[in-house]
1. Once you put a point 7 Å from the Cα of TYR43 and another 7 Å from the Cα of ALA8, both along the Cβ direction, what distance in nm separates them?
2. Provide the net charge surrounding GLY32, with neighbours chosen by a C-beta distance below 13 Å and charges set as Lys +1, Arg +1, Asp -1, Glu -1.
3. Less than 14 Å Cβ to Cβ from LEU59, Lys/Arg counted +1 and Asp/Glu -1: what total charge do the surrounding residues give?
4. How much of CYS25 can a 1.4 Å solvent probe reach, expressed as accessible area in Å² and rounded to 10?
5. Rank these by accessible area, largest first, 1.4 Å probe: THR7, THR39, THR34.
6. When the helix-only estimate is applied to the chain (DSSP H runs of n ≥ 4, each -39,500 (n - 2.57), divided by the residue count), what is the mean residue ellipticity at 222 nm, nearest 500 deg cm²/dmol?
7. Might you report the magnitude of the Cβ-based charge dipole of the chain about its Cα centre, with Lys and Arg at +1 and Asp and Glu at -1, to the nearest 20 debye?
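The values are calculated or read from the model by the stated rules, or taken from the named source; none is laboratory data. Since we're looking at a predicted model, the values are computed, not measured. Cβ: placed from backbone, ideal geometry, glycine included. Neighbour counts: every protein chain shown. Surface areas here come from the heavy atoms of the whole protein model, side chains and all, with no ligands, DNA or RNA. Shrake-Rupley method; radii C 1.70, N 1.55, O 1.52, S 1.80 Å.
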Amino acid sequence: MKRKKPTAFGKYVKKRLIDLDMQQCELAAAVGTTPPMITYIIYGERDAERWVEPICFALGDASKADKYRKHMRRGRDANVC
């Protein structure tokens, strides 16, 4: 089975989680979703546009929200940054 790669936004989320010593379940609770949804967002299996701002805010870096949201609104893959 081919291993999935995280999107650019997913890589950012994973790095911030490590930096903050935070788990995905804690992030999910902070933004009001489930841990599997966070996983889906990280790996690009679900549209992340509506979650970008709350996730960035929960990770203490709301300024990154615009960077990732712009690419998603243009219809580009979230891997493009």
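1. According to this spin-label approximation, the distance is 2.2 nm.
2. Charge balance near GLY32 sits at -1.
3. Summing Lys and Arg as +1 and Asp and Glu as -1 gives +1.
4. 70 Å²
5. THR34, THR39, THR7
6. Dividing the helical sum by the residues of the chain leaves -17000 deg cm²/dmol.
7. 500 debye
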